[in-house]
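Please treat every number below as a calculation from the coordinates, not as lab data. In this text the structure is predicted, and so the values were computed from the model without any measurement. We place every Cβ from the backbone using ideal geometry, glycine too, and count neighbours over all the protein chains shown.
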C-alpha cells in the first residue's frame, strides 16, 4: 500500500477532518475528492484509477464529519448539507494555503455529487474552482428516486424471468410497480432490497479492496468508521424527512458555470444513468462533457479504472 504524501487534520465546527494529499504535490492542478455516503471513508475509493491520477495531479482525499477516521465532537444537529458544504470550504481553503495550486477541481461521487453541487451554487465558492467532475452524483432526491425504483423493478423482472427466488422478486416488482413516493421509510425499503442486486458493481467479481493494511495500518482506516462512527452520518442524513425528501438542486444548477464533466456507469442502479441526462439539462450554463462507462455500475472508478482516469485527465488538462 502506498503511503507517500501528506496527512493532516482540518478542524471545523466541532469535527476533526483527516486529509490525505497524494500524487504530485508540486502540480499546478489539484483535485479534491468528495466521497459518497454520506459516511463512506474516502480510502475505499482509492485504487488503480486514483493511482493513475496521482501520476500527474495532486489528489486530495478527506473524511467528512461522521465518516471514516473523522473525529472531534460534532453535535448531532451539525449533520446538515449546509455544514458539509462549510466543511468542504474549510478543506479547500487549507489546500489553497498549503499548496497554492493554479487550478483546483472538485470531484464528487454519489453523495459527493450532492455535496459538490451544493458547494458550487454559491458564486464566491465557485469562483475558486476551475471545474466540476460529477461521478454518478445525486442532485435531486425527488427527481431521482423514481429512477431508482424503475431500475429495481426492471432488475426484479430479470430475476423472475430467470427463475431466481420468484416469490421475493415478484413482491419487489409489484412494490416498484406501485410507484412508491419518496419518503424516508420507502428509501430505507429500497436501500435494503437494492443491496441484493448488482446496482453498485456490475461485475460481481469487483468490489472494495479492504485488506489488512487498509484496516490496520493506514491513518484513515475503515476500521475507525466501523468502530467509532457506526454509520452515524448516513443515519442522520436519511432520517430528517424535511431535508431528505425535499433535497433538490435541479432548478438552481444553472448557477453553475464552470466546465463540468459527468461520468456515469451505464448499469448504475444507485443513481441510474437517466440522472446524468437530467444533470446535463440542469447545467444549462456550463460547458458539459459526458462520459459513460459501459461496463460499470455505481463504482466506475473501481470497475473501469483506466477509462475513468483517462476521462478525468482529459478534462482537467484541457
message: Can you report the principal axis dimensions of the chain using only the alpha carbons, biggest first, rounded to whole angstrom?
response: 57, 44, 38
query: Where the convex hull is taken over the Cα atoms of the stretch 8-87, what is its projected area averaged over directions, in nm²?
result: 5.2
- prompt: By how many nm would the segment from residue 255 to residue 162 grow when fully extended, if each residue of separation counts as 0.36 nm and the alpha-carbon distance is taken off?
  reply: 28.8 nm
query: What relative contact order, as a whole-number percentage, does the chain give when Cα pairs under 8 Å and 6 or more residues apart are counted?
result: 21
Label-point separation in nm, residue 203 to residue 4, each point 7 Å along Cα→Cβ: 2.6
task: Give me the percent of DSSP beta bridges within the chain that run antiparallel, rounded to the nearest 5.
output: 40
- prompt: When the helices in the chain are scored as -39500 (n - 2.57) per DSSP H run of 4 or longer and the sum is shared across all residues, what 222 nm value do you end up with, to the nearest 500 deg cm²/dmol?
  reply: -11000 deg cm²/dmol
- prompt: Expressed in nm to one decimal, what extension gain is obtained for the pair residue 97 and residue 195 from 0.36 nm per residue of sequence separation less their Cα-Cα distance?
  reply: 31.2 nm
message: Once you order the gyration tensor axes a ≥ b ≥ c over the Cα atoms, which shape class does the stretch 146-200 get: rounded for a/c under 1.5, otherwise prolate or oblate by comparing a/b with b/c?
response: prolate
- prompt: Taking the simple approach of a point 7 Å from Cα along Cα-to-Cβ for both residue 178 and residue 55, what is their distance in nm?
  reply: 5.2
message: Using the Kirkwood radius over C-alpha pairs as Rh, can you work out the diffusion coefficient of the stretch 235-318 via Stokes-Einstein at 25 °C, viscosity 0.890 mPa s, in µm² per second?
response: 172
statement: Extension length gain for residue 294 and residue 13 (0.36 nm per residue less Cα distance), in nm, is 97.0 nm
task: Evaluate E = 1/(1 + (r/R0)^6) for residue 310 and residue 122, where r is the Cβ-Cβ distance and R0 equals 22 Å; express this FRET efficiency to the nearest 0.05.
output: 0.10
message: Counting C-alpha atoms alone, how compact is the stretch 51-104: give Rg to one decimal and Dmax as a whole number, in angstrom.
response: 13.5, 40
- line: Least to most buried among 304, 245, 189, by other C-beta atoms within 10 Å and fewest first, runs 189, 245, 304
- request: Arrange 31, 135 by Cβ neighbour counts within 10 Å, fewest through most, would you?
  value: 31, 135
Inverse mean reciprocal Cα-Cα distance (Kirkwood Rh) of the stretch 19-165, Å: 16.7
- line: When 249, 8 are ranked with the fewest other C-beta atoms within 10 Å first, the list becomes 8, 249
- request: Express the Stokes-Einstein translational diffusion coefficient of the stretch 80-156 in µm² s⁻¹, to the nearest whole number, given a Kirkwood radius over alpha-carbon pairs, 20 °C and a viscosity of 1.002 mPa s.
  value: 155
field: Using distinct alpha-carbon pairs, which all enter the 1/r mean, Kirkwood radius of the stretch 273-318 in Å
entry: 11.7
